[in-house]
Amino acid sequence: MARLRLKSLFLLYFVASCGGLLYALSQLGQSCDCRTHLVAAEQRESELLSELRRVRRAARARDRVGAGRRDDDGGDDDGGDDDGRPLPTIYVVTPTYARLVQKAELTRLAHTLVLVPALHWVLVEDAEEPSALVRRLLEGSGLEHTQLHAATPSRMKLADSDPRWLKPRGVLQRNRGIAWLREHRAADTGAVVYFADDDNTYSLELFEEMRWTRGVSVWPVGLVGGLRFEGPVVVEGRVASFHTAWRPERPFPIDMAGFAVSLSLLVSHPQAAFDPDAARGDLESSLLVSLTSAEQLEPRARNCTEVLVWHTRTERPKMKQEEVLVKQGKGSNPAVEV
Ligand code: UDP
Ligand code: MN
């Protein structure tokens, strides 16, 4: 009797496990929760891929518009094949002056610019003579470059005790850069000119945004004007106004880092220059009023909704300990370049 019970118990166990196994096998290959997740992920992937293709198409279309406009201008059309055409050169004009952080600033900027194709760095020293430090830095940078200089007269110089906004900085140097371009690069009509201070922070994308500038292109600048960003406000593809908190009535209330100009426009307006006597905040306008109008500005960086350049500033290093050591005749070795 006990044997019979044991046997039927075993049989029951056998049938139950076979049933379980069969059920498990029958579930294989059927849709389950994890498969649902997989399908959702695949769908998201395909959405992202088509978004990527859309962005690429838009970028190509924008480049074609830029190219078409150049052609309208009687620009240097080399057959109209978009992909095969050489990139317009970007001339980056940078005023710079000797101070403790100069080499650090220029090293950082050089290491950004070297990643940008078809770029020529016009570095203009605020000095009576070109310096060996800047020459060595340029030669070692691997960049196409030109070293210029123009000294700011002392009456126009900012004293150490003056607030930084009191007098415009780098004005004669930028004008020297423009004069050099007019004299030596006038024929390079597809080229673009950008005024890049040595202490700002530049995204690589910014340079591709300005690449096909026809007249004057514009975009927002981060961390400037006492705001998170300052920049043009675009309505239906045109600059309608400017987001700024300070003297909004200025003709072009935009920072130096917020626009690029086509070289042909600078060449066709030989009098256009930055005004060394411009009032506070009017320096950018002093050049732009003679070149363009707000309606003609070409908005970039997703209709001026993306910040790709930041008006960063570098803290002046404290040299208290250096002074102490110098007094003891034990200052840092002056033969070591910093
Ligand atoms: N600069 C110059 N000479 C000067 C002071 C500044 O050439 O006496 C340059 C500086 O290297 C920078 C640009 O002018 O590339 C703007 O100067 P700064 O960054 O001090 O201006 P801010 O950012 O305060 O407006
Ligand atoms: Mn600065």
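Keeping the other protein chains in place, figure out the carbon and sulfur percent of the accessible area of the range 214-281, with a 1.4 Å probe.
C and S fraction of accessible area: 53 percent.
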Pairwise label distance in nanometres, Glu249 with Leu87, each label 7 Å out on the Cα-Cβ vector: 4.3 nm
I want to check the label-to-label distance for His111 and Asn333. Put each point 7 Å from Cα in the C-beta direction and report it in nm to one decimal. 2.3 nm
Which of the lysines could a cross-linker span from Lys327 if the Cα-Cα distance has to be under 19 Å and same-chain partners fewer than 8 positions apart are dropped? Lys318
For the range 93-177, what % of the accessible area comes from carbon and sulfur atoms, probe 1.4 Å? 55 percent
Any idea of the accessible area per residue across the range 213-338, 1.4 Å probe, to the nearest Å²? 55 Å²
List, in order, the whole-Hz ³J(HN,Hα) value for each residue of the range 238-246 obtained from phi through the Karplus relation with A = 6.51, B = -1.76, C = 1.60 and θ = phi - 60°; use x for Gly and Pro. 10, 6, 9, 6, 10, 8, 7, 9, 10
Can you list residues from other chains, or at least 5 along the same chain, whose modelled amide H is less than 5 Å from the amide H of Phe242? Val233
Return the FRET efficiency for the residue pair His184, Val101: r is the Cβ-Cβ distance, R0 is 25 Å, and the value is rounded to the nearest 0.05. 0.25
Subtract the Cα-Cα distance of Asp162 and Arg316 from 0.36 nm times their separation in residues, and report this length gain in nm to one decimal. 54.0 nm
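The values are calculated or read from the model by the stated rules, or taken from the named source; none is laboratory data. Being a predicted model, the structure only gives us computed values, none of them experimental. For neighbour counting, all protein chains shown are included, and Cβ atoms are generated from backbone atoms with ideal geometry for every residue, glycine included. Each accessible area value is taken on the protein alone, full model and side chains, heavy atoms only, with ligands, DNA and RNA left out. Shrake-Rupley method; radii C 1.70, N 1.55, O 1.52, S 1.80 Å.
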